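Student: My structure is below; once you've seen it, I'll send some questions.
Quick note: the coordinates plus some simple rules give every number you see, no bench work behind them. What you see is a predicted model; the values in this text were computed from it and never measured. Every residue, glycine as well, gets a Cβ built from its backbone with ideal geometry; the counts of neighbours run over all protein chains shown.
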Amino acid sequence: MTSPPPVLMNDFKAQWADVGKEVLATTARVGESGWLILGKEVEAFEEAFSRYAGLPEVIGFGNCLDATEMALRALQITPGSAVLTTPLTAFATTLAIIRAGGHPVYIDVDASGQMDLALARDFLEKNPAARTAVPVHLFGHSGDLAALGTLRDDFELALVEDCAQAVGATSRGIPTGSIGQIAATSFYPTKNLGCYGDGGAAFTQDPALAALLRSLRDYGQTEKYVHSHIGGNSRLDELQAAILHDALLPRLPAATARRRAIAAAYREGITHPAIAIPPAPAGSESVYHLFPTLISGVGRESLAAHLREAGIGTGVHYPILMPDQPAMKNVPHTLGSPLTTAKQFAREELSLPIHPYLDDASVSRVIDTCNCWPT
Ligand SMILES: Cc1ncc(COP(=O)(O)O)c(C=O)c1O
């Protein structure tokens, strides 16, 4: 008897079978154009993505880390100033804060894994000097944007939303990325809108900030050989922009619908008492970049091994909280609250496969294998 095909966390071969022809045609077009950096393709993608995201200005970057760092620098955070953020994220979020000269302040997460806005408010009330925050819309959820907007107004926050995992997610109809003065996202291949290499973007509604970000991504140039700012080199290239525009962005609505259908099937079908599914934040129209579960008791390694034996991949997001990372040992930072829930995620979280090329048979296999896990 042949064993069924593996169920992968991401299936880039299936993606290539779907988009490969368009990617090759696009590659030929860019090559024939003779223009490779900051040209018509980047402009066309920025425009199309701005329409999709519902935000007026999109600025393509080389990756989300750089976009977040440049966003903080564009908002002129003072060196050493406190930046509230989450301990449960990819290290890039923390790295961007440090590289921009900020002092990370870690606030615990809520039951959905997002920075707890009530705890953030407590910290801000007690620490009037703290005026900057980088919340992350984790797992493809949107944090509560109405509450985030109120926090921004009450404390006059400089706010950069990390939307790397939440492209297209909304909160009661409000798009993620529209509450911060600037937001950043990633086109890393595993992301909901991933490209064929590295890529990222910043969003803003403020034309002056958009102009500054366009300059910062390009050595701080404001016109040829005139450098008005200390910028960097982080430009989304013409090839990635063209691939995103022609092959990947047009598929994003269907891919998001598929992710939502899989998430609904998991929520309904997984009934094992030791597998808890964290709630989405109230009002979130999530895009399910990941599908987190929390495994207590016997431990997530046992379920991961059980799924692995059945040919099903899993992931852990994230096993080590940001303040516990070895690189943070000598970097000044503050725990802005006890990190009780974040520690629970670090200990118990196990992500199940969720991607647009997962067929119904694979989804059923994941559900059945979870439900027959012997604990
Ligand atoms: C929440 C979050 N922020 C930032 C990043 C960094 O993105 P990039 O690899 O494009 O710099 C990632 C990607 O891993 C992420 O998941």
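Student: R0 = 41 Å: FRET efficiency of Asp122 with Arg29, Cβ-based, nearest 0.05?
Tutor: It comes out at approximately 0.15.
Student: Okay, next question. Beyond 21 Å, how much of the Cα-Cα pair distribution for the stretch 91-226 remains, as a whole percent?
Tutor: Above the 21 Å cut-off, the stretch 91-226 has 45 percent of its Cα pairs.
Student: Give the shape of the stretch 1-131 as rounded, prolate or oblate, defined through the alpha-carbon gyration tensor: a ≥ b ≥ c are the square roots of its eigenvalues, a/c under 1.5 means rounded, and otherwise the shape is prolate if a/b is larger than b/c and oblate if not.
Tutor: Judged from the Cα gyration tensor, the stretch 1-131 comes out oblate (a/c at least 1.5, b/c at or above a/b).
Student: Please report, largest first and rounded to whole Å, the three semi-axes of the ellipsoid equivalent to the chain, where each semi-axis is the square root of five times an eigenvalue of the C-alpha gyration tensor.
Tutor: Here the semi-axes work out to 33, 28, 17 Å.
Student: For a label point 7 angstrom out from the Cα of Asn330 toward its Cβ, which stretches of the stretch 87-117 have the backbone nitrogen within less than 20 Å?
Tutor: Residues 94-104 fall inside that zone.
Student: Using a Gaussian network model on the chain with a 10 Å cutoff between Cα atoms, which of Arg300, Arg217, Arg308 fluctuates the most?
Tutor: It is Arg308.
Student: In whole percent, what relative contact order does the chain give with Cα contacts below 8 Å and a gap of six or more residues?
Tutor: On the way: 778 pairs, mean separation 88.9, N = 375.
Relative contact order of the chain: 24 percent.
Student: Rank these for me by crowding, His245, His306, going from fewest to most other beta carbons within 10 Å.
Tutor: Values: His245 20, His306 17.
Fewest-to-most Cβ neighbours within 10 Å comes out as His306, His245.
Student: Follow-up. At a threshold of 8 angstrom on Cα-Cα distance, excluding pairs fewer than six apart, so keeping six or more, what relative contact order does the stretch 40-126 reach in percent?
Tutor: It comes to 22 percent, rounded to a whole number.
Student: If you project the alpha carbons of the stretch 90-170 onto the principal axes, what extent comes out on each, in Å, largest first?
Tutor: Here the Cα extents, ordered largest to smallest, are 32, 29, 20 Å.
Student: Return the calculated 222 nm mean residue ellipticity for the chain, to the nearest 500 deg cm²/dmol, obtained by summing -39500 (n - 2.57) across DSSP H runs with n ≥ 4 and dividing by the residue count.
Tutor: Computed ellipticity for the chain at 222 nm equals -11500 deg cm²/dmol.
Student: May I ask you to derive the relative contact order of the stretch 251-371, considering only C-alpha pairs under 8 Å and at least 6 residues apart, and to give it as an integer percent? Can you show the working numbers first?
Tutor: On the way: 131 pairs, mean separation 46.6, N = 121.
Answer for the stretch 251-371 is 38 percent.
Student: What does the charge count near His289 come to, summing +1 for each Lys or Arg and -1 for each Asp or Glu among other residues with Cβ under 11 Å from its Cβ?
Tutor: +2
Student: Ok, one more. Grab the Cα-Cα distance for Val226 and Ser296, subtract it from 0.36 nm times how many residues apart they are, and report the gain in nm with one decimal.
Tutor: Going from the current span to full extension adds 19.4 nm.
Student: Sticking with this one: Can you pull the Rg over Rh of the stretch 246-375, Cα-only, Kirkwood?
Tutor: Values: Rg = 16.7 Å, Rh = 16.4 Å.
Answer for the stretch 246-375: 1.02.
Student: If neighbour count is taken as other Cβ atoms inside 10 Å, put Leu157, Leu216, Leu8, Leu138 in order from fewest to most.
Tutor: Arranged by neighbour count, lowest to highest, Leu157, Leu216, Leu8, Leu138 become Leu8, Leu157, Leu216, Leu138.
Student: ³J(HN,Hα) across the stretch 75-83 via Karplus (A = 6.51, B = -1.76, C = 1.60, θ = phi - 60°), whole Hz, x for Gly/Pro?
Tutor: Those phi angles translate into 7, 6, 5, 6, x, x, 7, 5, 10 Hz.
Student: Neighbour counts of other C-beta atoms within 10 Å: give me Trp35, Trp373 arranged from fewest to most. Working shown, then result.
Tutor: On the way: Trp35 13, Trp373 17.
The order, fewest Cβ neighbours first, is Trp35, Trp373.
Student: How big is the gap, in Å, between the Cα center of the stretch 126-174 and the Cα center of the stretch 32-94?
Tutor: After rounding, the separation between the Cα centres reads 16 Å.
Student: Moving on. Using the Cβ atoms and a cut-off under 10 Å, what net charge is assigned to the surroundings of Arg99, where Lys and Arg are +1 and Asp and Glu are -1? Show your work: numbers first, answer last.
Tutor: Working: positive: Arg73; negative: Asp66, Glu69.
Within the 10 Å Cβ shell, the charges total -1.
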